[in-house]
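Participant: Once you've had a glance at the structure underneath, I'll fire off some questions.
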Amino acid sequence: MALYSDKVMDHFRNPRNVGVIEDADGVGEVGNAKCGDIMKIYLKIDNDIISDVKFETFGCGSAIASSSMATELIKGRPVSEALELSNKAVAEALDGLPAHKMHCSVLAEEAIKAAVKDYYDRNGIEYDHAQFPDCESCGHCSV
Amino acid sequence: MNIYADNAATTKMSRTAVDAMLPYLDQIYGNPSSLHSVGQRANEALASARGRVAACLGCDAGEIIFTSGGSEADNQAIISAARIGERKGKKHIISTAFEHHAVLHTLNKLEKEGFEVTLLDVHENGLVTARQVEEAIREDTCLVTVMYANNEIGTIQPIGEIGAVCRAKGVLFHTDAVQAAGHLHIDVKEQNIDMLSLSAHKFHGPKGIGALYVKKGIALTNLIEGGAQERGKRAGTENIPAIMGMAAALEEACGSIDENAAKVSALRDRLIAGLSEIPHGVLNGDAVKRLPGNVNFCFEGIEGESLLLLLDDKGVCASSGSACTSGSLDPSHVLLAIGRPHEIAHGSLRLTISEETTQEEVDYLIGAVKEVVSYLRGMSPVWRDLESGKSKFVTA
Ligand SMILES: Cc1ncc(COP(=O)(O)O)c(C=O)c1O
């Protein structure tokens, strides 16, 4: 199907980092089953470096590919860099997404932010709340 | 293996239909309105095609208008009935919540003009009853339009009973028979149908051609103005090759309706039985009152588009009513109309088979769907929560 780039199809067919980290240091889940997509990201963090990352996704092809690409982009990187990952960067790394699928890359960005926030909360690390928009503000879903 | 299981979207043309078209592309290519012989030969072909289509529906040739397809026929039937009603001060129309958009969007347009539309609720089994129609009819009702069979879940409506109610109450009755024509017996007189839409590409004919049956005496409103073709009710030089292909395809399909229905519904039931083994899935639509080739399931914990993409990788062409495939933010209005919650409707799969489908293919389909559903559930956080008891299953 020509709907997606080869990169998207590759990450969809062979998603990297699928799974669960039982003793994760931070877990983030965003999306809504009613809207048709949910992403969950598990982070293992050692000395401020993301030493391992796994994801689970319920959603369309581009949602699965976006999660896969996003995990690749932050694996082995410092937490601060993960926080800077934008949805645009995810989409670009996938050689683009169709306009009506851009929200999948937004979900990937938000899922990572949510996981980092969870890590900060668990460890009593101070942070700027403005960095973490809540899901309700996106207005993607009609439900 | 390559399996085409999307026959409700469109069908492969039959050899008979292709052969019926060919001479009209480069030999008898005349304009049926022309006086010369090549035009007149085209005109004879047109008349014969009209007669053959009419015979398949149990009406007269003069009651058939050729259109560009099902959508145009639906639009013209509804607009015409609305104009007739309007002239008598009747501006109420009854339909159902799970019609095709060709019907629903036309009704929306009329609502903006001041018509009142009642959309009947569809039962969980995908059926409406004649009783519901009867109770909804008012003094100012000018049209009842109920589809013959639903395009997504395949359920067959009690058209004869609804026709009888409308006739008794003196209200015009239109049915969108796009999914039914060529697959189910239709007799417009016996079933008291006043107007009926059909489309050739759903029964192995060509795309872009359809027909509207209009009972004698019902005045049509033009959607397209111009020449005097189609009794002046639909302008434009007739697409003779497509019309010939449609007539041949419809005749062929109607000639073997019982045989095809028996064969295809046996395969359908085998497919339904196989897919029912997948836990936490549910068949959409009545198991018996459904089109011979239609299978439609919802599977919990997965999303339809990724299901389709992975099935495509396995050579299976299918369809889904998830939001991602419907091109809108909401899942299929049909699945919502039968009461499926959003989260379940996103995980829908429609497989529509044909006379050409084999038992071997059905068995392959069952295996492929089982494999893909379980793979996607394996990476789904929704499924994890369902399995761990954190959230509740909706289906058994
Ligand atoms: C029930 C129903 N009505 C109308 C249509 C529209 O037909 P067409 O594609 O010929 O315009 C379709 C097919 O998409 C259909 O399934």
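Participant: Within region B:14-40, restricting attention to residues that are charged (D, E, K, R) and without any contact (Cβ under 8 Å) to a residue 12 or more places away in the chain, which residue is nearest to B:Ser199 (Cα to Cα)?
Facilitator: To start, the set of residues in region B:14-40 that are charged (D, E, K, R) comprises B:15, B:19, B:26.
After this cut, where a residue has to be without any contact (Cβ under 8 Å) to a residue 12 or more places away in the chain as well, the list is B:15, B:26.
Numbers: B:Arg15: 18, B:Asp26: 24 Å.
Once the filter is applied, the top-ranked residue is B:Arg15.
Participant: Restricting to region B:103-124, count the residues that are open to solvent by 40 Å² or more (accessible area, probe 1.4 Å), closer than 15 Å to B:Met147 by Cβ and in contact (Cβ under 8 Å) with a residue 40 or more places away in the chain. I'd like the intermediate steps shown before the answer.
Facilitator: Looking only at region B:103-124, we keep the residues that are open to solvent by 40 Å² or more (accessible area, probe 1.4 Å), and these are B:105, B:108-109, B:111-114, B:116, B:118-119, B:121, B:123-124.
When the remaining residues are screened for being closer than 15 Å to B:Met147 by Cβ, the result is B:105, B:119, B:121, B:123.
Still in the running and in contact (Cβ under 8 Å) with a residue 40 or more places away in the chain: B:121, B:123.
Total satisfying the criteria: 2.
Participant: Can you tell me which residues in region A:12-42 are over 25 Å from B:His342 (Cα atoms), of a type in the set (D, E, K, R) and either away from chain B (no Cβ under 11 Å) or touching a strand residue (DSSP E or B) at 6+ places or on another chain (Cβ under 9 Å) (or both)?
Facilitator: A:Arg16, A:Glu22, A:Asp23, A:Asp25
Participant: In region B:311-340, which residues are open to solvent by 30 Å² or more (accessible area, probe 1.4 Å), within 17 Å of B:Val122 (Cα to Cα) and either more than 12 Å from chain A (Cβ to nearest Cβ) or modelled with pLDDT under 95 (or both)?
Facilitator: B:His333, B:Gly339 - these are the residues of region B:311-340 that are open to solvent by 30 Å² or more (accessible area, probe 1.4 Å), within 17 Å of B:Val122 (Cα to Cα) and either more than 12 Å from chain A (Cβ to nearest Cβ) or modelled with pLDDT under 95 (or both).
Participant: Can you pull out every residue in region B:214-263 that is under 26 Å from B:Arg41 (Cβ atoms) and loosely packed, with under 15 Cβ neighbours inside 10 Å?
Facilitator: Scanning region B:214-263 gives B:Gly226, B:Gly227, B:Ala228, B:Arg231, B:Gly232, B:Ala235, B:Gly236, B:Thr237, B:Gly255.
Participant: For region B:192-220, give me each residue that is within 14 Å of the chain's Cα centre (by Cα) and either away from the ligand (no atom under 13 Å from the Cβ) or within 14 Å of chain A (Cβ to nearest Cβ) (or both).
Facilitator: Selection gives B:His204 alone.
Participant: Taking the condition of being assigned to a strand (DSSP E or B) and away from the ligand (no atom under 16 Å from the Cβ), how many residues in region B:56-100 meet it? Outline the logic, then answer.
Facilitator: Our first condition is that a residue be assigned to a strand (DSSP E or B); within region B:56-100, this holds for B:64-67, B:92-96.
If we keep only those that are away from the ligand (no atom under 16 Å from the Cβ) too, we end up with B:92-94.
Number of matching residues: 3.
Participant: Would you confirm whether any residue within region B:272-281 is among the polar types (S, T, N, Q), in contact with a His (Cβ under 9 Å, 6 or more places away or on another chain) and open to solvent by 50 Å² or more (accessible area, probe 1.4 Å)? Steps first, answer last, please.
Facilitator: Here is the first cut: in region B:272-281, the ones among the polar types (S, T, N, Q) are B:276.
Still in the list and also in contact with a His (Cβ under 9 Å, 6 or more places away or on another chain): none.
Within region B:272-281, none of the residues are among the polar types (S, T, N, Q), in contact with a His (Cβ under 9 Å, 6 or more places away or on another chain) and open to solvent by 50 Å² or more (accessible area, probe 1.4 Å).
Participant: Consider B:Thr175 carefully, then state whether it is buried (at least 24 other Cβ atoms within 10 Å of the Cβ) and not in a helix (DSSP H, G or I). Explain how you work it out, then say what you get.
Facilitator: On the way: buried (at least 24 other Cβ atoms within 10 Å of the Cβ): yes; not in a helix (DSSP H, G or I): yes.
Yes: the conditions hold for B:Thr175.
Participant: For region B:293-310, indicate whether the set of residues that are more than 12 Å from chain A (Cβ to nearest Cβ), surrounded by fewer than 22 Cβ atoms within 10 Å (Cβ to Cβ) and of a type in the set (A, V, I, L, M) is non-empty.
Facilitator: no
Per-residue answers, yes or no, for (1) outside any loop (DSSP other than H, G, I, E, B); (2) within 16 Å of the ligand (Cβ to nearest atom):
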| position | (1), (2) |
| --- | --- |
| B:Val122 | no, yes |
| B:Leu127 | no, yes |
| B:Glu134 | yes, no |
| B:Glu139 | no, no |
| B:Leu143 | yes, no |
| B:Glu152 | no, yes |
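Participant: Restricting to region A:25-69, what's the tally of residues that are over 23 Å from B:Val373 (Cα atoms) and free of Cβ contacts under 8 Å to residues at least 24 places away in the same chain?
Facilitator: 3
Participant: From the set of residues in region B:6-33 that are within 16 Å of the ligand (Cβ to nearest atom) and either more than 14 Å from chain A (Cβ to nearest Cβ) or open to solvent by 30 Å² or more (accessible area, probe 1.4 Å) (or both), which is farthest from B:Val178 (Cα to Cα)? Walk me through how you get there before you give the answer.
Facilitator: Our first condition is that a residue be within 16 Å of the ligand (Cβ to nearest atom); within region B:6-33, this holds for B:6-13, B:17.
Filter again for either more than 14 Å from chain A (Cβ to nearest Cβ) or open to solvent by 30 Å² or more (accessible area, probe 1.4 Å) (or both), leaving B:7-13, B:17.
Numbers: B:Asn7: 12, B:Ala8: 10, B:Ala9: 11, B:Thr10: 11, B:Thr11: 12, B:Lys12: 16, B:Met13: 16, B:Ala17: 18 Å.
Ranking the qualifying residues of region B:6-33, first place goes to B:Ala17.
Participant: Then there is this: Can you pull out every residue in region B:154-191 that is among the aliphatic types (A, V, I, L, M), in contact (Cβ under 8 Å) with a residue 60 or more places away in the chain and within 16 Å of the ligand (Cβ to nearest atom)?
Facilitator: B:Ile156, B:Val178, B:Ala180, B:Ala181, B:Leu184, B:Ile186
Participant: Is there any pair linking a residue in region B:235-253 that is without any contact (Cβ under 8 Å) to a residue 40 or more places away in the chain to one that is in a helix (DSSP H, G or I), with Cβ under 8 Å and at least six apart or on different chains, and which?
Facilitator: Listed pairs, sorted by first residue: none to list.
Participant: Need pairs with beta-carbon distance below 6 Å; first residue closer than 15 Å to B:Cys317 by Cα and within 14 Å of chain A (Cβ to nearest Cβ) and within region B:353-381, second open to solvent by 10 Å² or more (accessible area, probe 1.4 Å) and modelled with pLDDT of 95 or more; sequence gap 6+ or separate chains.
Facilitator: Close Cβ pairs satisfying both conditions: B:Val372/B:Leu310.
The values are calculated or read from the model by the stated rules, or taken from the named source; none is laboratory data. Just so you know, these numbers come straight off a predicted model, no measurement behind them. Ideal geometry is used to build each Cβ from the backbone, glycine not excepted, and the neighbour counts take in all protein chains shown. Just the protein is used for accessible areas: all its heavy atoms, side chains included, with ligands, DNA and RNA removed. Shrake-Rupley method; radii C 1.70, N 1.55, O 1.52, S 1.80 Å.
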